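Written out below as structure tokens is the structure these notes cover.
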Amino acid sequence: MDTSYYHNFITLVQTGNMTQAAEILHITQPALSKQLKYLEAEFGAQLINIKRGQRGSNLQLTDAGKIFYEKAQQLCSIEESTYNAVQQLNSRIEGTLRIATSASRSTPIVQQYLPAFSMKYPSVHFEIYEGLMTNVVNQLINGSAELGIANIQMVDTDKFDILLTQEEHLYAIFRRDVFWTDREHDTITWEDIKKCPLSLSGGSVRMIMQSSLTDMEQLNAVAITTTKSSAIEWASSGRTVSLVPMDAKELINHRKMARIKLPEFSGDFKKAFITLKGHALSPVAQQFIDFYKAYV
């Protein structure tokens, strides 16, 4: 049976008037009346009592009509949800995802999210612009990038909207075969770490300076780098312990490296996904933000 008869029956019941229902459905009254008779013949029961000569609602559901009305609503709801699910499955997300970020933050994005997103949406291409915060800002303003990733404390909220945030913590990264080879990692403290030769990323310097736990001049900072990837390279050589901000899911692709979270530096340190204020995201960018939220 054509399910349009079910939809039309629901409209007829909701309006309570044959003439008004026909006008809403853009069909003639005799055609709607014929559909009702077809349904009653199909199910072998009268569905509606029509009261002649009354204004307004002049229809009354029979007991059989009440059952049919309820089931018709359920059927139409299932039909609509099925249609939407299939449409969503078949809809193509395509285009280019353009992200501006620091080099330090591009690595975990590529590690954790972009490959899986690319597998799910193979028609999407990627452009990743890496640089300092001023570069991120310029890329967003001039339209080269649609999404930016930055330290939330550096975001000008007069110019940019924050789409989502993710906590970052300070971690110590070191060669397990060089440092503290005779100890369990969970016994290593900040007091132990600050006595070691250190490589610091710019982000870790900001976190340390905002803390009252130590003075930068008291640290044996062998190297201070712009990016955390460079600071980690120092640690991978076995020369230093690296201090870098990271989120909990970031990976260290070196089997000899250990990573320890420093709870002493826990605080309001977050990275933010941003876009130009008032900018409506493209379908590709919105899909990526939704995808990212699902995995954070």
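Ranked from largest to smallest solvent-accessible area, with a 1.4 Å probe on the protein heavy atoms, R239, R98 come out as R239, R98.
Over the range 147-210, the ratio between the Cα radius of gyration and 2.2 N^0.38 Å evaluates to 1.54. Rolling a 1.4 angstrom probe over the protein heavy atoms with all chains in place gives the chain an accessible area of 55 Å² per residue. Ranked by the mean number of other Cβ atoms within 10 Å of their residues, highest first, the peptides 143-149, 163-169, 60-66 come out as 143-149, 163-169, 60-66. For the chain, the Cβ-based charge dipole about the Cα centre amounts to some 340 debye (Lys, Arg positive; Asp, Glu negative; other atoms uncharged). Surface composition of the range 106-156: carbon plus sulfur atoms hold 56% of the accessible area, using a 1.4 angstrom probe and ignoring ligands, DNA and RNA. Would you list the P(r) distribution for the chain, with all Cα-Cα distances sorted into 10 Å bins from 0 and each bin expressed as a whole %? Over the chain, the share of Cα pairs per 10 Å bin runs 5, 21, 19, 13, 10, 10, 9, 8, 4, 0 percent.
Counting only Cα atoms, I'd like the Rg/Rh figure for the range 182-296, Kirkwood definition for Rh. My calculation puts Rg/Rh at 1.05. Around F269, which amide H atoms from residues at least 5 apart in sequence, or from another chain, sit under 5 Å from its own amide H, with H modelled in the peptide plane? Sorted by chain and number, the residues that satisfy this are E168.
In the range 164-296, the portion of solvent-accessible area held by carbon and sulfur atoms comes to 48 percent [1.4 Å probe, whole percent, DNA, RNA and ligands not counted]. The packing ranking, built from the mean of other Cβ atoms within 10 Å per residue, places the peptides 248-255, 117-124, 180-187 in the order 117-124, 248-255, 180-187, highest first.
By a 1.4 Å probe calculation restricted to protein chains, D156 has an accessible surface near 60 Å², given to the nearest 10. Computed on protein heavy atoms with a 1.4 Å probe, the accessible areas place K71, K270 in the order K71, K270, largest first.
For the chain, the mean residue ellipticity at 222 nm estimated from helices alone is -12500 deg cm²/dmol, where every DSSP H run of n ≥ 4 contributes -39500 (n - 2.57) and the total is divided by all residues, rounded to the nearest 500. Placing unit charges on each Cβ (+1 for Lys and Arg, -1 for Asp and Glu) gives the range 122-249 a dipole about its Cα centre, and among S212, W180, L243 the Cα reaching farthest toward its positive end belongs to W180.
Ordering N49, Q287, N253 by the projection of their Cα atoms onto the charge dipole of the chain, which places +1 on the Cβ of Lys and Arg and -1 on the Cβ of Asp and Glu, puts N49 at the extreme positive end.
The values are calculated or read from the model by the stated rules, or taken from the named source; none is laboratory data. On a predicted model such as this, the values are computed, not experimentally measured, just so you know. All Cβ positions, even for glycine, are placed from backbone atoms using ideal geometry, and neighbour counts span all protein chains on display. Ligands, DNA and RNA are stripped out before the accessible areas are found, and what is left, the full protein with its side chains, is counted by its heavy atoms. Shrake-Rupley method; radii C 1.70, N 1.55, O 1.52, S 1.80 Å.
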